[in-house]
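Shown next, in structure tokens, is the structure this report addresses.
The values are calculated or read from the model by the stated rules, or taken from the named source; none is laboratory data. A quick note: this is a predicted structure, and the numbers were derived from the prediction, not measured. As a convention, Cβ positions derive from the backbone with ideal geometry for all residues, glycine included, and neighbour counts pool all protein chains shown. For the accessible areas, the whole protein counts, side chains as well, though only heavy atoms, and no ligand, DNA or RNA atoms are used. Shrake-Rupley method; radii C 1.70, N 1.55, O 1.52, S 1.80 Å.
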Amino acid sequence: MTLTNPRGTQDILPADMMYWHHIEATSRTIFNMYHYEEIRTPIFELSELFERGLGNETDIVSKEMYTFMDKGNRSLTLRPEGTASIVRAAIQHPQLTKHNQAKLYYCGPMFRYERPQAGRYRQFHQIGIENIGNAHPFTDAEVISLGLHLFDELGLPGLSVSINSVGCPVCRPVIQERLKQFIVNNLQHLCGDCNRRFDQNPLRILDCKNDKCRTYFTGLPDIHKSLCHDCKDHFNSVVEYLDSLGVPFEIDPKLVRGLDYYTKTTFEIVSDKLGAQNAICGGGRYDNLIKKMGGKSTPAVGFAFGVERAVMVLKEFSEIINRQDPLIFVAPIGFNQQTRCFRLMNELRRAGLKCEMDYSKEDLKSQLKTADKMEARFCLIFGEEEAEKNEIILKDLLERKQDSYPIENIVDILADKILKR
Ligand code: AMP
């Protein structure tokens, strides 16, 4: 039986790579403008990091982690998200926060044992930012607007932003209590998860994706009325700053997100071009996580977006031009011309030009066929006659014309044509 990749994972093939490169390169450019620096943390961490950081009641920790014992009997987990590791790194390396703030971004694979479907995988990739050390609501507004700036730059159509505030340890108990009062009479109609959450973390009931449960959430009391002064002021300021930046958004009091560490602002960016899994980006503020993980009390806010989902939208709805470098196919005719062409390829590559040769062929017709299959833009033809005259034929396969040039000039001629366009 032939082996295939594990369920919920994907091979990313060369034909899709331009989308990935476009997303990665654009993210780096935009993050750099906002003064974020890249950090790379291990793909696996001690399981305790996620258990403590994300909360044992979250779906991620209770159901979805890839956890295993290593040969040294340590419980390790493939990272299901990026924030916990970055918080750990920020505490572990005080030089990261020596100016009392760290603005970090990351990019890489995450692992969750979820039920795979279109847009939901067990290994997926996130690109995210963490702004550590800033409590000012400008930061929340800047992080959200950065996300939209990036997605505009990527060319993702059909996006909308939802924001909410989930309060802080002062007002969260009041919000939870109001919610329980609202839900208690319909508890028997809600799913098992909702019933479990009712006792453990009622706010997360609002995150239930079950359509039947969601029908019981209409008429929900305005949780913003239960926010404490500080959270209310913060939320109003974020709203005001987003308005001042011209960021379109909508307030969604049901937006609580799946992770327990959020305080105050939560937000999500969804795309109307995706199906059921329509969230591209999610994030929020987590002012208590760093202290909870053993660091100094430090406010922070961040987001992560799913690269696979961004690729899905780009593939279908945007026209990124294939900016691949043109390929030069080098075609020696006959065995005696091969070594000179082999050397010429080396010269072309040293000059920064992309080229290819088929070592197994000596006749022109079949080499032209290969050049065609490889979608080469140019073909360099070097036969006995050309060797005698120290020339080479440059055939433009797109414009269908050709000329002979002195072989010692051909690298410069092609560099002029291709690199100086
Ligand atoms: P989260 O870390 O759950 O807040 O998710 C942030 C973003 O990561 C989501 O908006 C998705 O774009 C993406 N994402 C989360 N889980 C998955 C998954 N299982 N497969 C693909 N993308 C995912």
Specify which of the listed residues (Gly82, Gly72) is over 30 Å from Asp140 (Cα atoms), open to solvent by less than 60 Å² (accessible area, probe 1.4 Å) and among the small types (Gly, Ala, Ser).
-> Gly72
Looking at Glu399, is it part of a loop (DSSP other than H, G, I, E, B), without any contact (Cβ under 8 Å) to a residue 60 or more places away in the chain, over 37 Å from the mean Cα position of the chain (by Cα) and loosely packed, with under 12 Cβ neighbours inside 10 Å?
-> yes
In segment 342-353, the residues that are closer than 20 Å to Leu419 by Cβ and open to solvent by 30 Å² or more (accessible area, probe 1.4 Å) = Asn346, Glu347, Arg349, Arg350, Ala351, Gly352
Which condition does Arg52 not pass, out of (1) within 16 Å of the ligand (Cβ to nearest atom); (2) surrounded by 12 or more Cβ atoms within 10 Å (Cβ to Cβ), if it passes all the others?
-> (1)
Taking the stated definitions as given, is Ser62 within 25 Å of the chain's Cα centre (by Cα), in a helix (DSSP H, G or I), under 23 Å from Lys291 (Cβ atoms) and free of Cβ contacts under 8 Å to residues at least 60 places away in the same chain?
-> no
Odd one out for Gly294 among (1) within 15 Å of the ligand (Cβ to nearest atom); (2) among the small types (Gly, Ala, Ser); (3) open to solvent by 10 Å² or more (accessible area, probe 1.4 Å) = (1)
Among the residues of segment 272-282, how many are in contact with a Lys or Arg (Cβ under 7 Å, 6 or more places away or on another chain) and farther than 22 Å from Thr139 by Cβ?
-> 2
Mind checking which residues of segment 1-27 are in a helix (DSSP H, G or I), touching a residue at least 12 places away in the same chain (Cβ under 8 Å) and within 16 Å of Gly306 (Cα to Cα)?
-> Asp16, Tyr19, Trp20, His22, Ile23, Glu24, Thr26, Ser27
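Select from segment 63-116 the residues that are among the acidic types (Asp, Glu) and within 15 Å of the ligand (Cβ to nearest atom) and write down the one among them that is nearest to Ala135 (Cα to Cα).
If we take residues in segment 63-116 being among the acidic types (Asp, Glu) and within 15 Å of the ligand (Cβ to nearest atom), then Glu81 is nearest to Ala135 (Cα to Cα).
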Take segment 300-319 and flag every residue that is open to solvent by 30 Å² or more (accessible area, probe 1.4 Å) and either touching a strand residue (DSSP E or B) at 6+ places or on another chain (Cβ under 7 Å) or acidic (Asp, Glu) (or both).
-> Arg309, Glu316, Glu319
Just wondering, is there one or more residues in segment 323-341 that are buried (at least 19 other Cβ atoms within 10 Å of the Cβ) and in a helix (DSSP H, G or I)?
-> yes
Restricting segment 127-152 to residues that are closer than 23 Å to Gln277 by Cβ and open to solvent by 20 Å² or more (accessible area, probe 1.4 Å), the one farthest from the ligand (Cβ to nearest atom) turns out to be Asp152
